[in-house]
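Data block below; observations after.
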Amino acid sequence: MTNEYDIDWAEFDAEEWEELDGDERTAFLATIIRQEESAEEAEASLEELQRLADTAGIMVLGSYSQRRNHPERASFFGKGWLTDIAQKMQQAGAELLIVNEELTPIQGRNIENHFGIQVIDRTEVILQIFHEHAKTREARLQVKLAELQYQLPRLRRLWTHFDKERGSARSAGGAASRGMGEKQIEIDKRLIRQQIRKVTSAIETVAKQKETHRKQRSNALKLCLVGYTNAGKSTLFNALTGAGVLVEDRLFATLNSTSRQLKLSTGAPLVISDTVGFISRLPHHLVASFRATLMEVMDADLLLHIVDASDERYEYYIEQVNGVLTDIGAGDIPQLVVLNKSDRLNGAMIQLIQARYPEAAIISATHKQGIDELLNSVETKLLDARKLVLQLPFDQGSLVSKLHEISMVHKEEYNENGVKLWLSISGRDLHLVEPYIIEDTK
């Protein structure tokens with residue numbers, strides 16, 4: 001097998017990819033509700049966190065919230081609330097407390113040390129899912145970088161666990177030296193920084209190679225599917241291309257960018273790419289790590305923004321995706337909103353959505369409904385497709401041959417003046433046929 005990128009993969013393959021413990025753990029979910037946030041919004045956010053936990057193999061035993069304007073600086077939640085939740089966790093047999101925001105290293109350490117609660121945050125859950133779903137070398141590189149960047153400021157908390165275990169060994173007669181974790185923290189920081197530099201360099205090489213590949217196919221137009229996770233991007237990708245990409249009713253089922261050729265009625269070359277789904281509060285260092293994958297988005301001529309229209313929070317998800325697109329520098333790329341899962345909507349709801357998004361395509365990717373109309377919209381938006389009738393003289397035989405390659409010829413008829421063609425052609429190729437147009441039925 002040839003090396004796709006100019007990277008010494010053996011160096012990374014030697015570091016075995018750690019498969020996470022498959023045993024199901026139990027957890028409570030926790031969040032704070034700020035003054036400007038409604039109870040319904042908080043509940044919807046916790047439901048999403050529960051789906052993340054489920055995808056990560058964690059069984060949720062209960063969800064709790066505390067209303068406060070700002071997180072407690074030292075412990076995120078109030079001390080009384082944490083004391084109460086620790087008792088509830090013990091009674092229910094919950095092993096973990098999952099917080100619906102990213103905790104600072106100090107907050108995580110204080111919750112564990114002062115309240116005896118094993119705590120993880122939303123970012124850790126997402127990283128675990130990405131770790132489990134990373135199957136290719138490129139994806140594992142990007143996940144590895146995100147994990148290292150998350151771990152670096154939290155080493156003290158990790159080594160607190162180690163020192164507690166060594167303390168137990170001492171009380172049982174072991175010979176461990178006191179404070180070994182403190183000494184090891186500085187060593188581990190240096191090692192992690194070295195790994196970050198090495199992985200970052202490898203990812204930069206991947207990005208350069210991807211840029212080279214894109215230049216080689218620069219003549220092809222690029223269409224990219226984006227959207228909130230589980231909106232149905234991979235299902236639509238399969239419906240359009242027959243690619244057989246993995247489809248699961250789970251968050252982040254797709255982690256690697258997949259590209260295929262797609263032929264439109266104009267015959268114009270088009271590359272379509274499926275990408276990793278977005279989610280609210282997506283960790284910034286995770287977005288940065290996946291920049292090589294997200295380059296497909298930034299290089300697109302048109303974005304298909306896939307939306308699960310059956311979810312009552314679909315407008316919120318549209319805002320979240322547009323926010324991430326702006327963050328990665330893709331906010332100005334033209335997009336076509338595709339409202340998916342119409343098979344789950346009644347007629348009144350479809351009419352309401354059409355009034356709200358009159359230019360959107362409404363489809364059911366699962367049942368392949370509305371796909372032809374979607375492709376027509378893509379052609380109009382991406383190619384400025386024109387339906388024309390041409391009359392070409394006999395001496396334009398080479399142009400006739402070219403038109404068969406770059407457009408969709410619907411009908412061809414020979415007459416005393418030459419060749420008459422009925423065709424669909426993209427706006428960018430219109431200059432080739434302008435002298436021969438006898439009818440424009442755009």
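Derivation of every value follows stated rules applied to the coordinates shown; laboratory data play no part. Being a predicted model, the structure only gives us computed values, none of them experimental. When we count neighbours, we look across all protein chains shown, and the Cβ atoms used for this are built from the backbone with ideal geometry, even at glycine.
Quick notes on this structure:
- In Hz, Karplus ³J(HN,Hα) per residue of segment 298-308 (6.51, -1.76, 1.60; θ = phi - 60°; x = Gly, Pro): 5, 9, 6, 7, 8, 9, 8, 8, 7, 10, 7
- Using θ = phi - 60° in the Karplus curve 6.51 cos²θ - 1.76 cosθ + 1.60, the 3J(HN,Hα) couplings for segment 352-366 round to 5, 5, 4, 5, 6, 10, x, 9, 6, 8, 10, 9, 10, 5, 4 Hz; x is entered for Gly and Pro.
- Least to most buried among I117, I187 (fewest other Cβ within 10 Å first): I187, I117
- Residue exposure sequence - D440, D274 - by fewest surrounding Cβ within 10 Å: D440, D274
- In this structure the amide hydrogen of F278, modeled in the peptide plane, comes within under 5 Å of the amide hydrogens of G227, Y228, T229, none closer than 5 places in sequence on its chain.
- Equivalent ellipsoid of segment 384-440: semi-axes from √(5λ) of the C-alpha gyration tensor, largest first, are 17, 11, 10 Å.
- The H on the amide N of V337, modeled in the peptide plane, is under 5 Å from the matching H of H305, A361, each at least 5 residues off or on a different chain.
- Relative to its Kirkwood radius, the Cα radius of gyration of segment 25-133 gives an Rg/Rh of 0.94.
- The 3J(HN,Hα) values that the Karplus relation (6.51, -1.76, 1.60; θ = phi - 60°) gives for segment 424-432 are, in residue order, 10, 9, 6, x, 6, 9, 4, 4, 5 Hz. Gly and Pro appear as x.
- Taking other C-beta atoms within 10 Å as the exposure proxy, F130, F237 rank F130, F237 from fewest upward.
- Across K144/K198; K144/K233; K79/K183; K233/K368, pairs whose alpha-carbon gap is larger than 20 Å: K144/K233; K79/K183
- Principal axis dimensions, segment 311-425 - Cα atoms, whole angstrom, descending: 61, 37, 23
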